[in-house]
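Below is one structure; the comments refer to it alone.
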Amino acid sequence: MCSNGQCVVFCGPGTTKCGNICTDTKVDPANCGSCGAACAQGQTCQAGKCSSPVKHATCNDILTNQNAWGKVSTGVDLRAWTASTLHYLGCPGDGCSPGAFYCNFSDQNQTLEFGAAGTVRSMVDPNNKYADGWSDLYQSCCDANEAFMGLCNGPDANNNGVPVDNAAALCNALGYKGGQLVEWQASNSCPEAHVLTADGLTWTTDFVASQGYGNKWKCVGFK
């Protein structure tokens, strides 16, 4: 536009002036998050952060028998896939038995399925407070005043008013095009994990007791 007799770049809402161009720094790999912050070759820019193409997760990648909340457990370690905001979904013997948890992967069908009969618990870390930390303390249901991550329930079909599908977001983070919550129950009132972003990288909980939990998930189609 012309301003005071000079041609100047004017950038509208949602764009940022970087040199002589207007760009969306949330998705521009040459100006990711700020002007001049270029992503490495092969990376994309998502929500203002450079990210590498997501490798689809297999059971070998995420299934773990490590103790959780100080109890013998079986579940899926999700930290590397969910930016360490949803650390874990699994069975610590409180709600569901470790032996009940399953994980099935098919390279031919491009599917990943996991979960258990019973109340699957989630280890959720709102705001990534504990980075890659792992809870080895048993504190019953998670609550807002806890010193470390307590037992939350697995995300169910109700995403606490956020217009994002929990299962689709989780599978998106795991490197799949689609996902669904195969089974959920309207019982057990521990607070549930819920997702804030469709990429599955930002998980939280409101620490409000509510009936319900998700316990079986299926991801479909490699990205």
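Laboratory data are not the source of any read-out in this text; all were calculated from the coordinates shown. Quick caveat, the model's predicted, so the values are computed rather than measured. Here Cβ is always computed from backbone atoms with ideal geometry, including for glycine, and neighbour counts include all displayed protein chains.
The table below lists the values:
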{"quantity": "Ellipticity estimate at 222 nm from DSSP helix runs (n ≥ 4, -39,500 (n - 2.57)) divided over the chain, nearest 500", "calculated": "-1000 deg cm²/dmol"}
{"quantity": "Other-chain or far-sequence residues with amide H under 5 Å of Tyr88's (modelled H)", "calculated": "Leu78, Met123"}
{"quantity": "Radius 14 Å from Cβ of Asn145, net charge of other residues (Lys, Arg +1; Asp, Glu -1)", "calculated": "-2"}
{"quantity": "Residue order, fewest to most surrounding Cβ atoms within 10 angstrom, among His194, His87", "calculated": "His194, His87"}
{"quantity": "Taking Cys96, Cys2 and counting other C-beta atoms within 10 Å, the order from fewest to most", "calculated": "Cys2, Cys96"}
{"quantity": "Highest-fluctuation residue, Val195, Val54, Val124 considered, GNM on the chain with Cα pairs under 10 Å", "calculated": "Val54"}
{"quantity": "FRET efficiency, 1/(1 + (r/R0)^6) with R0 30 Å, evaluated for Asn20 and Tyr130 via beta carbons", "calculated": "0.10"}
{"quantity": "Ranked packing of 149-159, 16-26, most packed first, by mean Cβ within 10 Å", "calculated": "149-159, 16-26"}
{"quantity": "Too-long pairs where the Cα-Cα distance tops 29 Å, listed order kept, from Lys49/Lys218; Lys49/Lys216; Lys49/Lys71; Lys17/Lys129; Lys71/Lys216; Lys71/Lys218", "calculated": "Lys49/Lys216; Lys49/Lys71; Lys17/Lys129"}
{"quantity": "Backbone N within segment 136-156 under 15 Å of label point (7 Å from Gln66 Cα along the Cβ vector)", "calculated": "136-137, 149"}
{"quantity": "Distance histogram for segment 1-53 (every C-alpha pair counted, 10 angstrom bins, percent rounded to whole numbers)", "calculated": "29, 42, 20, 8, 1"}
{"quantity": "Against the rule of thumb 2.2 N^0.38 Å, how large the Cα Rg of the chain comes out", "calculated": "1.18"}
{"quantity": "14 Å beta-carbon shell around Thr74, net charge (K/R +1, D/E -1)", "calculated": "0"}
